[in-house]
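Written out below as structure tokens is the structure these notes cover.
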């Protein structure tokens, strides 16, 4: 979120067109909540199947096809995207984003973003423990690296959806239509789209782990958005 972007109550009079009206922002927020809540039942069903099966037949087929991609620079891109989700980079990114929002007087946004990512990590680790699905093995697909936690759902994907997804949401509901908003939405959506392919390509997760993570991340993002809406309504 650019430092010059503030809430409606803090609009810079020299640049009043940057922020949408409070009513329009609320409408966009409600629309986002409706979309994300539809993923709840689908995720629950997938999680139950993941508890029973280590992988599905289509997991193996799709994983091998993705790992067969040999485009120039593709392997480096996949590794680079996944590195962004490692703790020593992921948490500093959250901290920097929070500080930028605080400096722009977006206190509620900073709180929901940082608290949402942290609590989401705890919830995800709990789901991994409950589902207890094993990671892909080297006798089935190519594996790179050693992974400490269970496979379902993918923690990297959940982090990307929660963190970059919330920044995407803020850009969508707070920034007026124009080049600034288009660039922000494009930049923030790219890592969300790539991280799922990255985790499969590197052999860290099955495609169903990734699908479950997108669903779980979407559900948590929905809850963060709802928390944000409630906090903003109380402060308005």
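Could you go through region 170-178 and let me know if any residue there is assigned to a helix (DSSP H, G or I) and surrounded by fewer than 16 Cβ atoms within 10 Å (Cβ to Cβ). No, every residue in region 170-178 fails to be assigned to a helix (DSSP H, G or I) and surrounded by fewer than 16 Cβ atoms within 10 Å (Cβ to Cβ). The set of residues in region 84-105 that are loosely packed, with under 15 Cβ neighbours inside 10 Å and under 16 Å from residue 144 (Cα atoms) contains only 86. Given the condition in contact (Cβ under 8 Å) with a residue 12 or more places away in the chain, over 22 Å from residue 41 (Cβ atoms), over 16 Å from the mean Cα position of the chain (by Cα) and buried (at least 23 other Cβ atoms within 10 Å of the Cβ), answer yes or no: does some residue in region 179-200 qualify? Among the residues of region 179-200, at least one is in contact (Cβ under 8 Å) with a residue 12 or more places away in the chain, over 22 Å from residue 41 (Cβ atoms), over 16 Å from the mean Cα position of the chain (by Cα) and buried (at least 23 other Cβ atoms within 10 Å of the Cβ), which makes the answer yes.
If you scan region 201-215, which residues turn out to be within 14 Å of the chain's Cα centre (by Cα) and farther than 15 Å from residue 78 by Cβ? Break it down into steps so the answer makes sense when it comes.
Restricting attention to region 201-215, the residues satisfying the condition of being within 14 Å of the chain's Cα centre (by Cα) are 210-215.
Across region 201-215, the qualifying residues are 211, 212, 213, 214, 215.
Residue count for region 75-109 under the criterion of being in contact (Cβ under 8 Å) with a residue 40 or more places away in the chain and assigned to a helix (DSSP H, G or I): the result is 15. Residue 233: closer than 22 Å to residue 76 by Cα and in a helix (DSSP H, G or I), yes or no? When the stated conditions are applied, residue 233 does not pass them. Of all the residues that make up region 57-83, how many are surrounded by 15 or more Cβ atoms within 10 Å (Cβ to Cβ) and in contact with a helix residue (DSSP H, G or I) (Cβ under 7 Å, 6 or more places away or on another chain)? Count: 8.
State all residues of region 124-138 that are exposed (fewer than 15 other Cβ atoms within 10 Å of the Cβ), part of a helix (DSSP H, G or I) and touching a helix residue (DSSP H, G or I) at 6+ places or on another chain (Cβ under 9 Å); if no residue qualifies, say none. Give the steps one after another, and end with the answer.
If we filter region 124-138 for residues that are exposed (fewer than 15 other Cβ atoms within 10 Å of the Cβ), which is where we start, we get 125-126, 129-130, 132, 134, 137-138.
Add one more test, that the residue is part of a helix (DSSP H, G or I), and what stays is 125-126, 129-130.
125, 130 - these are the residues of region 124-138 that are exposed (fewer than 15 other Cβ atoms within 10 Å of the Cβ), part of a helix (DSSP H, G or I) and touching a helix residue (DSSP H, G or I) at 6+ places or on another chain (Cβ under 9 Å).
Taken together, the values in this text are just the output of simple stated rules run on the coordinates, not laboratory data. Treat the numbers as computed from the prediction; the structure is a model and nothing was measured. Don't worry about glycine lacking a Cβ; one is built from the backbone with ideal geometry, like all the others, and counts go over all protein chains shown.
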